[in-house]
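Only one structure is covered here, and it is reproduced in the block below.
The values are calculated or read from the model by the stated rules, or taken from the named source; none is laboratory data. In this text, all values refer to a predicted model and were calculated from it rather than measured experimentally. All Cβ positions, even for glycine, are placed from backbone atoms using ideal geometry, and neighbour counts span all protein chains on display.
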Amino acid sequence: MLQCRDASSTADDWVHCNNYKPKTLEEIQEMLQETKEVVALKREKALACAFSQQVFDHIPCHLIYHLLFWLEINTKPANI
């Protein structure tokens with residue numbers, strides 16, 4: 001029995017590889033959609049990280065410190 005697919009494998013080998021079981025069209029479409037969503041989220045995260053890195057690379061450190069300090073002061077809940 002095969003443990004994984006190599007260059008000499010045929011399509012029939014997949015039947016015996018890694019407990020393969022046939023999938024319905026709906027299952028395949030669901031798997032594809034989930035994969036697309038994961039890829040889209042990873043792309044969005046990478047773009048957000050790249051953008052924020054680009055923005056913060058051009059802001060002096062002392063201004064970032066003041067911004068974080070201001071956010072900390074102004075986002076605390078008011079004591080009642």
Test: residue in the range 57-65 that is surrounded by 10 or more Cβ atoms within 10 Å (Cβ to Cβ), modelled with pLDDT of 75 or more and among the acidic types (Asp, Glu): no
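Would you confirm, using the coordinates I've provided, whether GLU44 is surrounded by 10 or more Cβ atoms within 10 Å (Cβ to Cβ), of a type outside the set (S, T, N, Q), part of a helix (DSSP H, G or I) and within 12 Å of the chain's Cα centre (by Cα)?
On the way: surrounded by 10 or more Cβ atoms within 10 Å (Cβ to Cβ): yes; of a type outside the set (S, T, N, Q): yes; part of a helix (DSSP H, G or I): yes; within 12 Å of the chain's Cα centre (by Cα): yes.
It is true that GLU44 is surrounded by 10 or more Cβ atoms within 10 Å (Cβ to Cβ), of a type outside the set (S, T, N, Q), part of a helix (DSSP H, G or I) and within 12 Å of the chain's Cα centre (by Cα).
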